[in-house]
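All remarks here apply to the structure that follows.
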Amino acid sequence: MSDTATLTDGRLLEVRDLSKYFGNVIALQDVSMFVRPGEVTCLLGDNGAGKSTLIKTLSGVHKPSAGEYLFEGELVEFNSPREALAMGIATVYQDLAMIPLMSIWRNFFLGSEPTKGVPPIRRFDIDHAKDVTREEMAKMGIDIRDPDQPVGTLSGGERQSVAIARAVYFGARVLILDEPTASLGVKQAGVVLKYILQAKKRGIGVIFITHNPHHAYPVGDHFVILRRGQVSGDYTKEEIPLEQLVSMMAGGADLEALSHELQSAAVEEHDEALAALAHDVEEVGGDHRE
Amino acid sequence: MTETDRKEVEETRQEAAPADERVRQVGLGARLAGKPAIGAVLAVIIVWVLFAVVAFDNNFVSMATTAAILNRAAPLGILAVAVALLMIGGEFDLSVGSVLGFSGMAIMVLVSPSAAGGLALPLGLALLIALGLAVLAGFLNGVLVQTTKLPSFIITLGGLFVFRGLAIAIPRTMTNRTQLGGFDDIPGSGAVTDVFGASIGLGGANFDISILWWVAFAVSAALVLGRTRFGNWIFGVGGDQDASRNVGVPVSGLKVALFIFTAFAAFSVALIQVSGTGTADSLRGTLIELQAIIAAVVGGVLLTGGYGSVVGAALGALVFSMVQQGIIVTGIDGDWFQVFVGGILVLAVIFNNAIRKRAQRR
Ligand SMILES: Nc1ncnc2c1ncn2[C@@H]1O[C@H](COP(=O)(O)OP(=O)(O)OP(=O)(O)O)[C@@H](O)[C@H]1O
Ligand SMILES: [Mg+2]
């Protein structure tokens with residue numbers, strides 16, 4: 001791990017005093033945060049705190065109203081998500097950015113289509129696209145019936161898995177995930193957490209948004225808490241125990257109560273899936289410690 | 001990837017390899033129903049059979065009628081192909097008919113002798129300038145739609161009046177006329193006519209060379225749409241513009257390119273008509289923008305974008321001209337034509353909608 005150790009001093013992606021206004025709405029005010037290669041920065045905060053606005057600014061969807069954006073220590077200004085993607089910054093958006101009428105493989109490669117053939121007549125390499133889509137989905141534990149199926153007919157979790165598999169496939173330097181586990185089954189949520197750890201090992205910087213502290217804590221190195229458009233807390237894992245993180249997140253106490261409720265429900269109903277959740281998270285935490 | 005991951009992947013792959021138990025075999029019919037062009041194929045067959053029966057005694061099934069149908073379908077088909085790409089990309093262009101009329105007049109004004117009030121430019125240069133003007137018209141449409149974020153329907157409705165107005169006003173000011181002839185007298189026009197305006201005798205009937213251009217437009221546009229990165233972007237922006245932009249599709253550039261392509265198609269049809277008839281008319285192409293939209297919709301293109309087929313649109317133009325020609329040979333009063341066209345449009349939309357819903361339910 002010596003190469004990562006030297007790299008961790010450098011910040012892969014950083015914003016300083018970033019503000020974003022929509023007309024008279026102040027969505028973000030003087031937000032500073034960063035992610036190092038091989039680390040996971042978790043963005044936490046209440047609904048409407050500005051998390052999605054922040055990551056959309058990082059991925060080139062929005063332009064900052066004020067403040068600095070640095071990539072590998074250099075000031076950058078992205079005019080479109082295409083430019084951010086070209087730098088290896090891939091994002092799973094909260095709304096997933098999927099086209100319902102298009103097939104899974106067309107969606108998977110939309111904007112980054114592999115081509116073959118000589119220049120003026122370069123074709124979309126469709127066979128390759130279908131193969132990769134099937135493989136990447138299989139890695140997520142989702143065995144798609146038919147890559148030609150329109151995304152609009154997939155289940156919510158399947159659709160989310162396509163978006164995640166796509167970002168993981170294209171995120172060469174930075175992977176940004178906006179509530180990726182929101183509609184996932186226990187197994188797939190576990191896979192996402194495992195992906196995050198794998199990306200970490202490959203030296204990719206990960207920015208992970210979630211409302212679930214039990215998902216955030218096992219994988220996170222760094223916790224940035226947003227409140228009403230401003231950073232209200234910035235902690236390393238050593239600085240903050242899980243219990244404190246849970247209670248700091250707005251509604252955290254409710255979440256904990258809910259998870260206890262689920263756990264007792266799992267025991268009562270002998271529900272293996274619910275029980276597996278605890279197991280999976282524990283396993284991920286175990287991976288991380290070694 | 002760890003060893004266990006790899007094993008997992010292997011396992012899932014092996015599970016996937018034999019026929020998936022969650023997929024049932026569906027019949028050929030159901031699979032065809034999933035293709036957007038199926039409605040147009042059926043419409044072509046039904047309309048042809050209908051007239052072949054009703055108008056059999058009027059020689060509907062003949063070389064002459066077939067040639068008349070195809071000759072009529074070709075220019076509309078070329079426009080319909082371009083309009084279909086644009087509509088799949090989520091936009092409308094109501095100005096194509098006017099750009100068509102404008103391009104034809106531009107060619108004739110540029111090449112006409114000074115005595116007739118023209119600019120007497122060499123033919124090649126004149127064609128290049130007219131093409132440039134058409135491309136500029138498409139570029140303006142696209143840039144205005146992209147910068148104002150207004151519906152293209154409104155922007156190009158403006159274009160419809162502006163370019164028709166220019167097609168009338170400029171020639172009238174310069175030449176005092178709105179119809180200009182004499183293309184065949186221009187040096188070099190023979191070669192242009194050979195490529196764009198000629199017809200080929202076959203079995204006692206004359207087939208316009210533009211039929212080949214229609215096929216060429218349809219085939220190349222179908223390849224671009226189905227098999228290139230650009231085609232994937234067209235489906236994407238038509239389906240959801242913001243989502244496409246977020247995953248890296250250069251939305252603005254793509255849309256401007258599509259508007260330029262429809263204008264290019266309008267120019268091509270203008271060139272075909274000018275070289276075929278030897279004349280230009282300020283009013284040429286009037287209402288053809290709506291006919292092209294009808295052809296595209298009959299061809300399975302979704303009005304809301306993101307779905308459709310250019311081959312379907314090309315066939316939609318064929319349906320349109322079969323109805324037109326069928327009415328002529330049957331001797332039904334031509335006034336009834338619009339009633340038929342309107343009926344076909346509504347039927348096609350209902351049919352395509354039902355088919356698409358069924359295909360998606362599967
Ligand atoms: N385009 C916009 N125009 C105006 N206001 C906006 C826009 N986008 C976001 N906002 C506002 O900015 C604030 C932050 O929104 P954002 O989506 O970033 O919240 P979030 O932290 O992601 O919330 P959630 O957890 O619900 O996803 C909200 O109050 C929202 O109304
Ligand atoms: Mg959000």
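Could you list all residues from the range A:26-54 that are within 12 Å of ligand 2 (Cβ to nearest atom), assigned to a strand (DSSP E or B) and among the hydrophobic types (A, V, I, L, M, F, W, C)?
Within the range A:26-54, A:ALA27, A:LEU43, A:LEU44 meet the criteria.
Can you list the helices (runs of 4 or more DSSP H) found entirely within the range B:208-316 that contain at least 3 residues being closer than 28 Å to B:LEU150 by Cα and touching a strand residue (DSSP E or B) at 6+ places or on another chain (Cβ under 9 Å)? Outline the logic, then answer.
Values: elements: B:210-227, B:229-239, B:241-246, B:251-277, B:288-298.
Correct list: B:229-239.
Can you tell me which condition A:TYR21 does not meet? The list is (1) surrounded by 20 or more Cβ atoms within 10 Å (Cβ to Cβ); (2) more than 22 Å from A:ALA163 (Cα to Cα); (3) in contact with a Leu (Cβ under 9 Å, 6 or more places away or on another chain), and all the others hold.
(1)
Out of A:SER259, A:SER264, A:SER247, I need the residue that is more than 16 Å from ligand 1 (Cβ to nearest atom), at pLDDT below 90, within 30 Å of A:ASP143 (Cβ to Cβ) and among the small types (Gly, Ala, Ser). Which one? Step through it out loud before you land on a result.
On the way: A:SER264 fails: within 30 Å of A:ASP143 (Cβ to Cβ); A:SER247 fails: within 30 Å of A:ASP143 (Cβ to Cβ).
Testing whether each residue is more than 16 Å from ligand 1 (Cβ to nearest atom), at pLDDT below 90, within 30 Å of A:ASP143 (Cβ to Cβ) and among the small types (Gly, Ala, Ser) leaves just A:SER259.
From the list B:GLY124, B:GLY104, B:GLY132, B:GLY181, which residue is touching a strand residue (DSSP E or B) at 6+ places or on another chain (Cβ under 6 Å) and either under 15 Å from B:VAL274 (Cα atoms) or of a type outside the set (S, T, N, Q) (or both)? So that I can check it myself, show each step before the final result.
Details: B:GLY124 fails: touching a strand residue (DSSP E or B) at 6+ places or on another chain (Cβ under 6 Å); B:GLY132 fails: touching a strand residue (DSSP E or B) at 6+ places or on another chain (Cβ under 6 Å); B:GLY181 fails: touching a strand residue (DSSP E or B) at 6+ places or on another chain (Cβ under 6 Å).
Answer to the selection: B:GLY104.
Hey, among A:ALA216, A:ALA129, which residue is under 25 Å from A:GLY60 (Cβ atoms), within 16 Å of ligand 2 (Cβ to nearest atom) and part of a helix (DSSP H, G or I)? I'd like the intermediate steps shown before the answer.
On the way: A:ALA129 fails: within 16 Å of ligand 2 (Cβ to nearest atom).
Testing whether each residue is under 25 Å from A:GLY60 (Cβ atoms), within 16 Å of ligand 2 (Cβ to nearest atom) and part of a helix (DSSP H, G or I) leaves just A:ALA216.
Taking the criterion of being part of a helix (DSSP H, G or I) and either of a type in the set (Phe, Trp, Tyr) or away from chain B (no Cβ under 11 Å) (or both), would at least one residue in the range A:97-106 satisfy it?
From the range A:97-106, those part of a helix (DSSP H, G or I) are A:104-106; that's our starting set.
Of the ones still in play, those that are also either of a type in the set (Phe, Trp, Tyr) or away from chain B (no Cβ under 11 Å) (or both) are A:104-105.
Looking for residues that are part of a helix (DSSP H, G or I) and either of a type in the set (Phe, Trp, Tyr) or away from chain B (no Cβ under 11 Å) (or both), one finds at least one in the range A:97-106, hence yes.
Is there a residue in the range A:61-75 that is within 16 Å of ligand 2 (Cβ to nearest atom) and surrounded by fewer than 24 Cβ atoms within 10 Å (Cβ to Cβ)? If you could, list the steps in order and put the result at the bottom.
Here is the first cut: in the range A:61-75, the ones within 16 Å of ligand 2 (Cβ to nearest atom) are A:61-62.
Those still in the list that are surrounded by fewer than 24 Cβ atoms within 10 Å (Cβ to Cβ) too: A:61-62.
The answer is yes; a qualifying residue exists.
If you scan the range A:204-213, which residues turn out to be in a strand (DSSP E or B) and within 16 Å of ligand 2 (Cβ to nearest atom)?
Of everything in the range A:204-213, those that are in a strand (DSSP E or B) and within 16 Å of ligand 2 (Cβ to nearest atom) turn out to be A:ILE207, A:PHE208, A:ILE209.
What are the pairs, 6+ residues apart or on separate chains, where a residue within the range A:44-63 that is within 11 Å of another protein chain (Cβ to nearest Cβ) has its Cβ under 6 Å from a residue that is part of a loop (DSSP other than H, G, I, E, B) and more than 7 Å from ligand 1 (Cβ to nearest atom)?
A:LYS56/A:HIS62; A:GLY60/A:PHE78; A:GLY60/A:SER80
Restrict the check to the range A:14-25 and report whether at least one residue is within 21 Å of A:LEU175 (Cβ to Cβ) and within 16 Å of ligand 2 (Cβ to nearest atom).
Filtering the range A:14-25 for residues within 21 Å of A:LEU175 (Cβ to Cβ) gives A:14-15, A:18.
Going one step further and asking which of them are within 16 Å of ligand 2 (Cβ to nearest atom), we end up with none.
The answer is no; no qualifying residue exists.
So which pairs qualify, if the first residue must be in the range A:178-203 and within 16 Å of ligand 2 (Cβ to nearest atom), the second must be among the aromatic types (Phe, Trp, Tyr), the Cβ gap must be under 6 Å, and the two must be at least 6 apart or on different chains?
A:ASP178/A:TYR93
Kindly indicate whether A:ILE126 is within 22 Å of A:LEU154 (Cα to Cα) and either within 8 Å of chain B (Cβ to nearest Cβ) or at pLDDT below 95 (or both).
yes
Run B:MET174 past the list (1) within 30 Å of A:VAL151 (Cβ to Cβ); (2) surrounded by fewer than 19 Cβ atoms within 10 Å (Cβ to Cβ) and report the number of the one that doesn't hold.
Only one criterion in (1) within 30 Å of A:VAL151 (Cβ to Cβ); (2) surrounded by fewer than 19 Cβ atoms within 10 Å (Cβ to Cβ) is unmet by B:MET174, namely (1).
Looking only at residues that are closer than 24 Å to A:PRO37 by Cβ and assigned to a loop (DSSP other than H, G, I, E, B) in the range A:81-96, which one is nearest to the other protein chains (Cβ to nearest Cβ)?
As a first pass, look at the range A:81-96 and keep what is closer than 24 Å to A:PRO37 by Cβ: A:81-93.
Still in the list and also assigned to a loop (DSSP other than H, G, I, E, B): A:87-88, A:93.
Working: A:MET87: 11, A:GLY88: 12, A:TYR93: 6 Å.
In this case the residue turns out to be A:TYR93.
For the list (1) crowded, with 20+ Cβ neighbours inside 10 Å; (2) at pLDDT below 95; (3) within 16 Å of ligand 2 (Cβ to nearest atom), I need the number of the one condition that A:THR57 fails.
(2)
Which of (1) more than 30 Å from A:SER52 (Cα to Cα); (2) within 10 Å of chain B (Cβ to nearest Cβ); (3) out of contact with any helix residue (DSSP H, G or I) (no Cβ under 6 Å at 6 or more places or on another chain); (4) of a type outside the set (Phe, Trp, Tyr) does A:PRO119 not meet, given it meets every other one?
(2)
Has the range A:72-79 got at least one residue that is among the β-branched types (Val, Ile, Thr), assigned by TED's automatic domain parsing to the domain that holds A:GLY229 and assigned to a helix (DSSP H, G or I)? Let's see the steps before the verdict.
Taking the range A:72-79 first, the residues among the β-branched types (Val, Ile, Thr) are A:76.
Still in the list and also assigned by TED's automatic domain parsing to the domain that holds A:GLY229: A:76.
If we keep only those that are assigned to a helix (DSSP H, G or I) too, we end up with none.
The answer is no, given that none of the residues of the range A:72-79 is among the β-branched types (Val, Ile, Thr), assigned by TED's automatic domain parsing to the domain that holds A:GLY229 and assigned to a helix (DSSP H, G or I).
The values are calculated or read from the model by the stated rules, or taken from the named source; none is laboratory data. Since we're looking at a predicted model, the values are computed, not measured. Virtual Cβ from ideal backbone geometry, glycine too; neighbours counted across all protein chains shown.
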